[in-house]
Amino acid sequence: MNYVILGAGPAGVIAAETLRRTDPNGSVTIVGDEREAPYSRMAIPYLLADNIKPAGTHLRHGAGHYDKLGITLRPGRAARIDGAAKSVTLEDGGKISFDKLLIATGSRPTRPPIPGIDLAGIESCWTLKDAAAIAARAKPGGRVVLMGAGFIGCIILEALHARKVDLTVVEMADRMVARMMDKTGGDMIGRWCERQGVKVMTSTRVTAIEKSKNGLRLALDGGRHLEADLVVCATGVAPNVRFLEASGVKTEFGVLVDHHLASSVANVYAAGDVAQGPEMITGKTEVHAIQPTASEHGRIAALNMAGQPTHYRGSLSMNVLNTLGLVSSSFGQWQGVPGGTMVEKADPDHSRYLRLCFRDDVVVGALALGLTQHVGVLRGLVQTGIRLGPWKQRLMGDPNLVMHAYLDRTKGLA
Amino acid sequence: MGWQRKILVVDLTKGEAKAEPLNMDWAFQYLGERGLATKYLSEMMDPKADPMGPDNVLIFATGPLTGTMASTSGRYAVVTKGPLTGAIACSNSGGKFGAELKFAGYDLLIVKGKAKKPVYLHIIDDQVEILPADGIWGQTVWKTEELLKSKHQNPLLKVASIGEAGEKGVLYACVVNDLHRAAGRSGVGAVMGSKNLKAVAVHGSKGVRVKDPKRFMGAVKAAKEVLANSTGRKELTEYGTNAMIDVMQQFGGLPTNNFQKVQFDGTEKINAKAMMTPNAHGHRNLVTNKACFGCTIACGRIAHIDKEHFTVVNRKEYWLASGGLEYETAYAFGPVVGVADIDALTFAGYMMNEHGMDPISFGATLAAAMELYEMGAIKKDETDGIELRFGNAEALTVMAEKTGKGEGFGKILGLGSKRLCEKYGHPELFMGVKGQEFAGYDSRALQGMGLGYATSNRGACHLKHDVFAEDMEDQTGKGKAVPVKKSQDKVAMIDSTGLCLFVTAGWGLEDFQTQVDAACEGEWSVERLLETGERVWNAERIFNNNAGFTAKDDSLPERLLKVPAPSGTAKGKVSELGKMLPEYYEARGWSKDGRPTNETITRLGL
Amino acid sequence: MQKSLLIDPDKCTSCLQCEMACSFEHEGAFNPAKSRIKIFEFEHGRRAIPYTCTQCAEAWCLHACPVEALVRNQATGAVEVKEDVCVGCKVCTIACPFGTINYNQSTGKVAKCDLCGGDPQCAAACPTGAITYVDSDWTGYERMKQWAVKTDNRPQA
């Protein structure tokens, strides 16, 4: 069996390893478009903060890891695929045929359509190359504007702050990390950042960027302006699906996949950031561009590709973020579900916050700020759908007893 | 090492909290906990100050072994001038609070002054806040802990607080930590209340280190084995301290009906076995045993009340399990008030913990009130319609709750036995010393205990010496002075380490020595440890002397000195305090009027 | 035969000797806040449950790690944190549905039970036998596995 994987991120690498384990005789090829060994974008901010060396970002550390497993790393980028002919054409003109194909091409940063957005001095932070460019330009005291205070923006924020730049964050939404935090939590993160000397401008839009005497000049809505030596753009990412336009592979935001991670075209699967798969609680398809989903997608797609039919329950959105030392996390349907209930407990003075969302007596989503101990149990509760019984009422009074509820309801199985 | 070398000083008048280095000279002289706090207290306040005024100082003190792997390392002491006695108060407690305070980085927490409005302390390592106690003041101990953990969204907080009793100045109010462990005696909770300090909530993550970790772990392991294998430890684990009630009953040293009797008809209904035996409904009082921090004994009892019992039948909130009977609570809610209803006793215990009161003082005060009632000195129209008769379980449980809440006749009971007896014109019925009520041992049967009671620096107390073996072997006052003195010094040392007195069920002095020496800087021999204990004892005594106490305060009630024990092994005997006391002063190196001589002061470097 | 921690909550007195032993072994100080095993108390002490990593076969933490900082020790079966590789991203802490791998703010790394390399100090310190280290067959491992199935997207063979 000839397996081809497009993309050398976590989903692709885990898929390749799973294929090798499951089908020892198959041929496994990963096509990657970056020159470095497969690495984790998750680790880039830590590189940017000088906490690790470039090799510290690598997904696998063993020397000759891929060779030993008989996994071929093929440089290149897919230009198009032909499901009927079972072949991939690369941008370099090369052609690769496959029996089973996994699309794990990830996502790419997007920039808002505003004048001057492509000027020199405006960087995204997505690849190791981007990171090197930012590192070279983000000097202590330098004026840096970070466009976008989403999840990725906040991770970069940490690294930029560590480089002691004069940092301003501009965010369109009314709060920081709007996609993983509600207003209460997002505002608490914002105030936390401000207390540490970061200027935070929410509900603010950059309308244009132009060159100025000393760097860049950003026009903001409402007529204000900002001067910057460096602009880091973290306004969002989108799945890399453009090369699939003529392939017949159905896409919406990402590649639509079913409960077996199979796309609409036979023998073609998708995993990770590029895949738009079932969500665990609602069953709707969603793109969850997060490490745990990439890892599960990769593993389960590979099992299905190798002929072990494996049902995927769906992905669970979850994130954990460290914003200048304030740890926040989100799980599942933290916005709540129709007909559900929720409880919130906030202590803004101490930057602590916990929200639990229930359907009946089952936790379906959670937000936490300042919680680092046993936080994974929030996932456990959402994922396993443990019925909380009488604990539901107690948690409505004090959601911080969630670990007790969990232990009591699982009888301390451990 | 052992010490965190840092103290936290909170001035509630100024609303300031600041960390200061620990005075290591004092630490080397006084070790920690009880001793070190005594030194700080003596240096920081005028012993004549009003205990309920802003000039009193309230110290929460850990020891060098608090928060280490030594068995029973959870102890801390609350040291202040006690309002019940006017003497130095030193009440220690287990649970988990003390270790947590140490983990936050502090050997001592010293509270001065008085807050304008009720406050509580919130301590997360170096972050210390004095926060308004809005919504918490007026709440019970149990509710306070729940509210603070919830408010700060931190189930890891350890809380020491006062209940309504401490807020309302019940003179034997205690500081309760971890729901049912208490720095119980002498009214340290009333002092906390007088400062408008409702609670201390702390979480620490700094850890505790020791001088020689490898040697320390070896010493700890060896000592734990000694303890594990000792008979005394096994009995404490299995039966708790209430195993004692049968011993005292047989011996005839069990104070009954306000010390009118020394044996009680009904111990089998409230003893350790009764706690473990299902009743007619199949309800078993004892749920489980529970340890304090670091404790490999686990003498603590967790009990629950029969749902059909009159105390809780319509009060579901008390159907929970909580701290159960120990010997002193069994005594104070049992024999001394003549009650033999185990659920009533357990309920009274809940009231003490929930509202923050010393069970010994409450029970003994109620006992005096019952005697006064039965003789007609207290009338039924004063007691909210309750028959204050010996044996009336309802009187016990209703008055426990009223006293805790400061309601009705409970307000009078909250004064303590001495003031209550004086109020009703019978001061001789107060069964205690220096204003503090006796624990559950009769000084006619246990002579050394009587001397210990009379000379205890915090007023009548059974926990400042341990001469049971001598007392049970020989029931005269002969030769008791020296063992009492030595034992007091030893206990003062143990109380200064951060460990629990109950480890003496298995440990000798060497077991303490090996652990202290491996943990603490300097060389700690047995001799140095004992001398430290003696120094602590004398420092307390000097505080009391300076507060106005003299030899005449080292006394026992006439009932024990003149009325012979009516039954038991000591039938016909009275306390021989008059003979023992001069010998004791001599052994202590004190003058006849009970003051340490200059020579003693010099010898101990006081 | 591989060994595992067997936990019997009914024997736990909540003395926290295990938490101290764990922190001493891993941090060199008695510091329950940094312990990999944690005692949870219920209702004024009616019950106490020691809780730590079961070294589950699924190893959610290991699979979620983006930099291969979590590895299985083949001798003990424990999933261990390679501190020099861990970047502190905390993804494993939300991926583990048991909540038994935690972020340590002071080191910037995650920490979990590593069975002390085969001589778990919590079990050695436990005075009541509530925590013992025994052959895996005895640990109710099967029970735990059934529980893990519920949490899993595993193959349906």
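Structure above, values below:
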| quantity | calculated |
| --- | --- |
| Contact order relative to length of chain A, as percent, for alpha carbon pairs under 8 angstrom and 6 or more apart | 14 |
| Three-way shape label, region A:1-134, alpha-carbon gyration tensor, a/c 1.5 | oblate |
| Rounded if a/c under 1.5, otherwise prolate or oblate - region B:6-203, Cα gyration tensor axes | rounded |
| Helix runs (DSSP H) in chain A reaching 15 Å along axis by Cα, Kyte-Doolittle at least 0.0 | A:10-22, A:151-162 |
| Debye intensity ratio I(q)/I(0), log10, the protein assembly as shown, q values 0.04, 0.06, 0.07 Å⁻¹ (C-alpha model) | -0.26, -0.56, -0.72 |
| log10 of Debye I(q)/I(0), alpha-carbon scatterers only, for region A:96-214 at 0.11, 0.17, 0.22 Å⁻¹ | -0.43, -0.91, -1.42 |
| Tail beyond 20 Å, pair distance distribution of chain C (Cα, percent) | 50 |
| Eligible lysines near B:LYS112 by straight Cα distance, threshold 22 Å, same-chain separation 8 or greater | B:LYS6, B:LYS14, B:LYS18, B:LYS39, B:LYS48, B:LYS81, B:LYS102, B:LYS158, B:LYS168, B:LYS195, B:LYS198 |
| Debye intensity ratio I(q)/I(0), log10, chain A, q values 0.06, 0.09 Å⁻¹ (C-alpha model) | -0.27, -0.61 |
| Pairs of alpha carbons in region B:234-433 whose separation is greater than 24 Å (percent) | 37 |
| Cβ-based net charge around A:LEU256, under 12 Å, with every Lys or Arg adding one and every Asp or Glu removing one | -1 |
| Estimated inter-spin distance, B:ASP246 and B:VAL563, nm [label 7 Å along Cα→Cβ] | 3.0 |
| Cα gyration tensor shape for region B:149-266, rounded if a/c is under 1.5, else prolate or oblate | oblate |
| Share of alpha-carbon pairs per 10 Å distance bin for region B:484-606, given as whole % | 12, 34, 29, 21, 5, 0 |
| Cα-projected label distance for B:SER525 with A:ARG217, points at 7 Å along beta-carbon direction, nm | 8.4 |
| Local electrostatic count at A:LYS139 - Lys and Arg +1, Asp and Glu -1, tallied over other residues with Cβ under 9 Å | +2 |
| Relative contact order of chain C, defined on C-alpha pairs under 8 angstrom at six or more residues apart (%) | 30 |
| Isotropic mean projected area of the C-alpha convex hull, chain B (nm²) | 23.8 |
| 4 °C / 1.567 mPa s Stokes-Einstein diffusion coefficient of region A:172-224, Kirkwood radius on C-alpha pairs, µm²/s | 104 |
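FYI, it's all coordinate maths here, none of it is from the lab. Because the structure is predicted, anything quoted here is derived from the model rather than measured. Ideal geometry is used to build each Cβ from the backbone, glycine not excepted, and the neighbour counts take in all protein chains shown.
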